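Asks: One structure coming up, written as structure tokens, with questions to follow.
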Amino acid sequence: MTHRNVIRELLALLVTTALTVGYATAGQLRLRITKPEPGAAVVERPFVEGTVSDPNAEVWVIVHPMEMSEFWVQPAVTVKEDGTWKVQIYIGRSGGSDVGKYFEIMAVASPRTTLKEGKLERPGWPKGEAKSQVVEVTRAN
């Protein structure tokens, strides 16, 4: 086999592998919260930032006060063309009654049910095509 034929076969193998891997991961929506960091102390109205692999996906952020069974849908998220998003959310009630308390934050992409801002009727994380990691934060002043 000539050097040129070996290179052609290697290139063909690489292209086939790349197409196969691309096909296998196509359709797998990926969602991630990039800010705040886990364990962060956050203000009453922090910004949550993240990324989603499909900029056309509908993204919602959910907050769970850890001492309660309630889950709160946050204001609607606008996803940019590059898949990044940022939304200002609510962590606890106005004033100081929730300072020092723990909250979980998670994002859901392409939810299976219609979501709107406010308390979820059924406690629990809503199901969707993708979910981010859960980020635990503490409410600061």
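Asks: Quick check on this structure: which one of THR2, THR84, THR25, THR17 is hydroxyl-bearing (Ser, Thr, Tyr) and at pLDDT 95 or above?
Replies: Among THR2, THR84, THR25, THR17, only THR84 is hydroxyl-bearing (Ser, Thr, Tyr) and at pLDDT 95 or above.
Asks: Working only within segment 104-141, note down all residues that are touching a Leu at 6+ places or on another chain (Cβ under 7 Å) and either of a type in the set (S, T, N, Q) or over 18 Å from ILE91 (Cβ atoms) (or both).
Replies: ALA109, SER110, PRO126, GLU129, ALA130, LYS131, SER132
Asks: While we're on this one: Can you tell me which condition HIS64 does not meet? The list is (1) at pLDDT 95 or above; (2) exposed (fewer than 14 other Cβ atoms within 10 Å of the Cβ); (3) over 12 Å from the mean Cα position of the chain (by Cα), and all the others hold.
Replies: For HIS64, the exception is condition (2).
Asks: Please go through segment 103-128 and pick out each residue that is surrounded by fewer than 17 Cβ atoms within 10 Å (Cβ to Cβ) and of a type in the set (Val, Ile, Thr).
Replies: Residues satisfying the conditions are THR113, THR114.
Asks: Among the residues of segment 50-66, write down those that are among the aliphatic types (A, V, I, L, M) and in a strand (DSSP E or B).
Replies: Listed by number, the residues that qualify are VAL52, VAL59, VAL61, ILE62, VAL63.
Asks: When you scan segment 67-77, do you find a residue that is in a strand (DSSP E or B) and either modelled with pLDDT of 95 or more or surrounded by 12 or more Cβ atoms within 10 Å (Cβ to Cβ) (or both), even just one?
Replies: Checked segment 67-77: at least one residue is in a strand (DSSP E or B) and either modelled with pLDDT of 95 or more or surrounded by 12 or more Cβ atoms within 10 Å (Cβ to Cβ) (or both).
Asks: Would you confirm whether or not segment 94-107 contains a residue that is closer than 13 Å to ARG32 by Cα, of a type in the set (A, V, I, L, M) and touching a Phe, Trp or Tyr at 6+ places or on another chain (Cβ under 8 Å)?
Replies: yes
The values are calculated or read from the model by the stated rules, or taken from the named source; none is laboratory data. None of the values given here were measured: they were computed from a predicted structure. In this analysis, Cβ positions are derived from the backbone assuming ideal geometry, glycine residues included, and neighbour counts consider all displayed protein chains.
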